[in-house]
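Nothing in this text is a laboratory measurement; each read-out follows from the coordinates by a stated rule. Predicted model, so just to flag it, every value in this text is computed and none were measured. So basically every Cβ, Gly included, is an ideal-geometry build from the backbone, and we count neighbours across all protein chains shown.
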């Protein structure tokens with residue numbers, strides 16, 4: 001499939017990870033091994049699965065990893081909503097990351113369809 005770093009969806013997902021890491025540094029210390037770690041792990045899973053899938057031998061395998069990445073992205077969305085409800089994440093940050101998630105999700109959906 002080529003160099004994953006050239007994929008716009010990977011680039012956008014990486015930006016989301018960076019923003020999420022910055023936001024979670026402000027979460028309560030008590031959440032370091034809870035919601036903070038889970039949010040980060042799910043976000044990193046998105047970029048990791050895109051990268052891994054691009055290194056697989058067939059388009060079908062790439063699509064499978066894209067579907068997994070999309071699942072992890074939905075996990076990030078749910079965790080961000082929880083973070084907001086718990087008062088850890090401000091409304092503007094949540095909305096900005098939700099817009100990023102929506103764009104990435106649409107891109108992943110398009111990549112997951114057989115051609």
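Rg of the Cα atoms in the chain, relative to 2.2 N^0.38 Å, amounts to 1.08. Between residue 32 and residue 102, the simple label model (points 7 Å from Cα in the Cβ direction) yields a spacing of 3.6 nm. The reciprocal of the average 1/r between distinct C-alpha atoms defines the Kirkwood hydrodynamic radius, which for region 52-115 equals 12.8 Å. Under a 10 Å cutoff between Cα atoms, tell me which one of 66, 18, 44 has the largest fluctuation in the Gaussian network model of the chain. Looking only at 66, 18, 44, the largest GNM fluctuation is found for 18. Here the relative contact order of the chain, from alpha carbon pairs under 8 Å that lie six or more residues apart, stands at 32 percent. Counting only alpha carbon atoms, the long axis of helix 59-85 and the longest principal axis of the chain meet at about 10°.
The angle between the Cα long axis of helix 8-24 and the main principal axis of the chain comes to about 20°, on a 0 to 90 degree scale.
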